[in-house]
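K.L.:
What follows is a single structure, and I will ask about it in a moment.
The values are calculated or read from the model by the stated rules, or taken from the named source; none is laboratory data. Fair warning: this is a prediction, and the values are worked out from it, not measured in the lab. Cβ: placed from backbone, ideal geometry, glycine included. Neighbour counts: every protein chain shown. Calculation scope for accessible area: heavy atoms of the full protein, side chains included, ligands and nucleic acids excluded. Shrake-Rupley method; radii C 1.70, N 1.55, O 1.52, S 1.80 Å.
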Amino acid sequence: MSENGSTELAESENKKEERMSTKHLTRREFIRGAALTGAGLVVAACAPAPTPPPPQVVKETVVVAGTPQIVEKIITPTPVPTAVPTKAAVKDKIVVGMSRPLSGPLAQIGDSAFKPIYETWVKEVNDAGGIQVKELNKKLPIELKVYDDKSDVGTMTRLTEKLIVEDKVDFLWPGCGTSFIFAQAPIANKYGYVLVTAEGGATSIKDMLPSLPYVFVTLSFSDWYQLPVFADLMAEKGAKTAFIAYIADLHGIEYSGVAGIEFPKKGINILGVKSLPPDIKDLSPVIKEAKASNADIFCCFAYPDQIMPATGTSMELGYNPKAWLGGPGVNFGFYATTFGPAIEGVMGFTTFSAKQSATAKALADKLYTGKPRELQDWWGHPLYWAGLEMWKQAIEKAGTLNQEKIRDVLTKEHFNTVLGDTWFVNGLLAKESHTGEIGQWQKDQFEVVGPKNKATAALVYPKPAWPTK
Amino acid sequence: MNRVRVSLKQLLWLGLLGVVLILFGLGPRYAPMYTIILLTAIFMYIILTLSWVIFSGPTGYVSLAPAAFFGVGIYTSAILGKALPLLIVVAVGGLASSCLALFAGGLTLRLKGIYFAIFTFGLVELIKNLLLWWEIHFTGTRGRFVIVVDYATVYYVMFAILVVLILTAYLIRRSKFGLALQSIGDNEQAAAHIGINVTALKVVTFAVSAFFTGAAGAIMATRWTYIDPYIAFNPLFSFMPVLMAIFGGLGQFYGPIIGATIFGYLEELLITRFPYYYMLLFGTIMVVAILYLPNGLVGLIQKVTARLRVLARSQPAPAATSEAK
Amino acid sequence: MIQVLDVVIAGLLLGGLYALIAMGLSLQYGVARVLNVSHGEFIMLGGMTTWMLYSGFHINPLLAVAICGPGAFLLGFILHRTMFKRLLALSASPGIFESNSMLASFGLLFIIQNIAFMIWGPEIRGYSYLAFPVDLGGALFGANRLVTLGFAIAIGLAFYTFLARTRMGKAIRAAAQDPVTAGLLGVDINLVLALCFGFGAAMASIAGVLISISYPVNATMGLEYTIIAIIVVVLGGLGSIPGSFIGGFVLGIVGSIVTSIEPGLALVAYYVIFMLLLLVKPTGILGR
């Protein structure tokens, strides 16, 4: 925007000419412009809905208590269509709508977590003809309707409402990420749409669930029931001290908070806690401090973007605590492909291993055979899959596409899924159904080491030192 | 310009305007719910763009602070939403943003051009990171829930903000202030020499433009349900108004409005119809628009209307009123 | 307590990367006057290509420098000759060109990112190379980072020599100072501008290669590096290439110091310093 002195005069002359026509903004022009735009907007508004349907009486008088709970005081009369459409058209498919981050920073999670699951699962179900709906006396295949919310919460809420209100999808599948769940759950609940979540889950959602009867959370998390199991394992091996690095957001705060409660219970002293800003590039100061503290256990409660450099830096600096626990990141196949055999002994969160049962192996084969190793996710994938299975079985058991009835089935009944006997307790997937909580990389396999009764291998403690080339 | 004589043409336009206003007012009663929701989002884009243009248009100071003002509005809503009535919250959101603008504007008096732009951008990131750190270490909050407001109310409030904004923008542009702002844009030193209080004018206009952005943020937050510093202070909301304004064209008053509308609608179309290619298509359209429509959509419209006029003139027309433009 | 030297050296290691990134942007903005918001995308392309080459074909990342650098140069050169040259012709004033080119580069950002998604998917990728400690006088540093620093310094010095000694380098400096006069004196301005843009892209790409050695990469990593580049460029002085080089190291050290005290405030510190600098000495450390 800087101008050279010599050309300034000439330019200001030109600009003056330009300005003469624009500055004298007459009333006429203004009104014309505004009217034009207004008319344009009206046309645009009319375009997507050529036949405006009768007014939708959705009285949403919602009252909020002081805490983050959304309680409905006035229950609305029939919100949006439930199952069977009023049109004469025969129902020949189940339309499932989703707002997913197909672009933007969350795409990396969505693409590797829920997407491979639902794609494989839907194909499997449709190949078998679809879901049996008793009341219509036939099997209906599933049709997916996916929108890109650009990893933006505001867009996601708007698209969720579009799916429910305009596209009138039969069912809603979840958005990606804990904060997205927080934003989406009240909406799904308000319109009476069952929402079985996939990626995301946090302690704080436990408080919300009672007021959100339509929402069901599948993913395991800190105190449900990972960290208590971890603390047990560590205490048993005689670990006495820990150093925690956590990412400065909901996830990290929660995990570090829960650790702060569970660890001391089992006699583990926390020597240091460091918060990492999400954009941190260089973790060496934190690792060095952890090293200096000489703690037995090192915990990194963050995301792949931090856990990978944390691992790398630990290797570079030769930091070898007796136990190295990492959050989301360690449980993915790309952790192994990135670091190779060096990860021997690193611990993380998990749910299953192909060794545990025939069904587990079948699932692993279905999802991972013939595909690049990076896509493996030993923590989330079985839970999301189980969630979908429960959803399908609930529809079949309820015999209808009516959300309320399906909700009731999901709330009360047990289901047989890839995890075995699975059910929801207060909206959360029962921890007894979890076939694993803590995992450890041993000989290039992510073994389940805790809880003991579900373990596929014994915990190796202390962790072998990083290899030095 | 002869203000007294009201021509038939002006009456017709005024009538059209009135009809448009009534149509929008009746929207929630007769239009499908999602259309209203989408319109609310488009209104928000227009507000962001037009309020940006109020300051950055005439003065030439490219501001990348809209995200900061928007975020302040969002946070106001999150913090005060449960305690105060909605309209007050919206107004407070706007005022808080104005205060931020006054503060930031006051600081950056001497910065010009690219430095001003980068500074305002830094402001967004600074507030975001500071707020995150503060929330973790002092208030212990992990995200906030915003009160829920029904879609029709949000629509009306947003529409009201938009109308007031358009009026304000028009009045500023038509008044002495607009003239003064323009002269600051042309040659700030000369403007100071002829007695314009450049400092005060810049800061005040900056604050005025921030007010609307903040108010829009405050009301929009109620649609988002859940927010945290990263969601509220998203740098993308700083770039978007600039893009939309230039896309629309800065020459005419209605340029930014058209730019924002088309932009918003285009985005909606792309994320729903072509979800996996949204960025590619969007980016391509942007590049093509910049390369072939250097004056934005306004330039395109002007070319088209000029051509239409030539066509009209080439036909034998009885006593056509000379349009000396 | 962590030794001061330890912190400083850690800062230098990071600073080397910053310096490289910033130099590229400085070239593009200082000479070609394009505030290239898609700068980070070239970094991303370099990083992702390296990953692909390493995990798919076991090509040494340092060798990938030789592949990615020229490749990016070509891409940048072509982009300038087609897109930005046209913009230059269309724009009525330098100010308008700057804003238009910034917007065009924004569109480019979207396009490149989506193409990257289509090729590699958005998942995070990484590989481990030279991840073992090296003892420097009692303090430990990662070998990979030391190599990165070495490369960054080498490239920086090489480029600086190029600017100072060669004819083309002088032409570039002339064009940076006064394009019109340079043109009058026989410098093919269009060629120079395109070359600079290409060099800027090449440097970004090489930086991406080096980043991928120590950090994970993914298709959305670009924007945060662009932001850092902008900060460093302003810190060093807009238009001064040596300034960006030094500015990168300064920022790296500052970041390192703050991270060792309170990591949560590292980014806050960046921005506070950045903004203070703008208020006090906007022309930066070595700016003109």
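K.L.:
Select from region A:114-159 the residues that are more than 10 Å from every other protein chain (Cβ to nearest Cβ) and among the small types (Gly, Ala, Ser) and list them in ascending order.
P.N.:
Those that are more than 10 Å from every other protein chain (Cβ to nearest Cβ) and among the small types (Gly, Ala, Ser): A:ALA128, A:GLY129, A:GLY130.
K.L.:
Something else about it: Show the residue pairs meeting these rules: Cβ distance below 6 Å; 6+ apart or different chains; first residue within region C:224-243 and within 11 Å of chain B (Cβ to nearest Cβ) and under 20 Å from C:PHE106 (Cβ atoms); second residue acidic (Asp, Glu) and surrounded by fewer than 24 Cβ atoms within 10 Å (Cβ to Cβ).
P.N.:
C:GLU224/A:ASP279
K.L.:
Please work out if C:SER93 is under 22 Å from the mean Cα position of the chain (by Cα), over 24 Å from C:LEU20 (Cα atoms) and within 14 Å of chain B (Cβ to nearest Cβ).
P.N.:
Answer is no for this residue.
K.L.:
Find the residue count for region A:188-200, including only residues that are at negative phi, open to solvent by 10 Å² or more (accessible area, probe 1.4 Å) and not charged (D, E, K, R).
P.N.:
Of the residues in region A:188-200, 2 are at negative phi, open to solvent by 10 Å² or more (accessible area, probe 1.4 Å) and not charged (D, E, K, R).
K.L.:
Output the residues belonging to region B:260-302 that are over 22 Å from the mean Cα position of the chain (by Cα), within 14 Å of chain C (Cβ to nearest Cβ) and not aliphatic (A, V, I, L, M).
P.N.:
Result: B:PHE274, B:PRO275, B:TYR276, B:TYR277, B:TYR278, B:THR284, B:TYR292.
K.L.:
Being out of contact with any Ser or Thr (no Cβ under 6 Å at 6 or more places or on another chain) and at pLDDT 90 or above is true for just one of A:LYS91, A:LYS87, A:LYS145, A:LYS138. Which residue is that?
P.N.:
Answer to the check: A:LYS145.
K.L.:
Kindly provide the set of residues from region B:78-115 that are under 18 Å from C:ILE231 (Cβ atoms) and open to solvent by 10 Å² or more (accessible area, probe 1.4 Å), ordered by number.
P.N.:
Result: B:LEU107, B:GLY113, B:ILE114, B:TYR115.
K.L.:
Okay, next question. What single numbered condition from (1) within 30 Å of C:TYR270 (Cβ to Cβ); (2) facing chain A (nearest Cβ under 9 Å); (3) charged (D, E, K, R) fails to hold for B:ASP150?
P.N.:
Failing condition for B:ASP150: (1).
K.L.:
Checking the conditions here, which among C:LEU45, C:LEU53 is open to solvent by 10 Å² or more (accessible area, probe 1.4 Å), farther than 16 Å from C:ALA201 by Cα and at pLDDT 90 or above?
P.N.:
From the options C:LEU45, C:LEU53, the qualifying one is C:LEU53.
K.L.:
Please verify whether A:PHE332 is open to solvent by 10 Å² or more (accessible area, probe 1.4 Å), at pLDDT 90 or above and either in contact with a Pro (Cβ under 7 Å, 6 or more places away or on another chain) or facing chain C (nearest Cβ under 9 Å) (or both), treating the condition exactly as stated.
P.N.:
Judged against the criteria, A:PHE332 is a match.
K.L.:
Would you confirm whether or not region B:237-256 contains a residue that is in contact with a Gly (Cβ under 8 Å, 6 or more places away or on another chain), open to solvent by less than 30 Å² (accessible area, probe 1.4 Å), in contact (Cβ under 8 Å) with a residue 60 or more places away in the chain and not in a helix (DSSP H, G or I)?
P.N.:
yes
K.L.:
Of these, B:ILE290, B:ILE262, which one is open to solvent by 40 Å² or more (accessible area, probe 1.4 Å) and either assigned to a helix (DSSP H, G or I) or in contact (Cβ under 8 Å) with a residue 24 or more places away in the chain (or both)?
P.N.:
B:ILE262
K.L.:
Ok, one more. What number of residues in region A:136-160 are outside any strand (DSSP E or B), open to solvent by less than 10 Å² (accessible area, probe 1.4 Å) and among the acidic types (Asp, Glu)?
P.N.:
Residues that pass the stated criteria total 1.
K.L.:
Still on this structure, I have one more. Would you check if B:LEU87 is closer than 13 Å to B:GLY217 by Cβ and either within 12 Å of another protein chain (Cβ to nearest Cβ) or part of a helix (DSSP H, G or I) (or both)?
P.N.:
So B:LEU87 does not fit the description; no.
K.L.:
From the list A:LYS266, A:LYS288, A:LYS237, pick out the single residue that is out of contact with any strand residue (DSSP E or B) (no Cβ under 6 Å at 6 or more places or on another chain) and within 12 Å of chain C (Cβ to nearest Cβ).
P.N.:
Testing whether each residue is out of contact with any strand residue (DSSP E or B) (no Cβ under 6 Å at 6 or more places or on another chain) and within 12 Å of chain C (Cβ to nearest Cβ) leaves just A:LYS288.
K.L.:
Could I ask something else about it? So which of A:LEU163, A:LEU212 is open to solvent by less than 10 Å² (accessible area, probe 1.4 Å) and either within 11 Å of another protein chain (Cβ to nearest Cβ) or out of contact with any Gly (no Cβ under 9 Å at 6 or more places or on another chain) (or both)?
P.N.:
Answer to the check: A:LEU163.
K.L.:
Just need a number here: residues in region B:131-163 that are out of contact with any strand residue (DSSP E or B) (no Cβ under 7 Å at 6 or more places or on another chain) and in a loop (DSSP other than H, G, I, E, B).
P.N.:
Residues that pass the stated criteria total 5.
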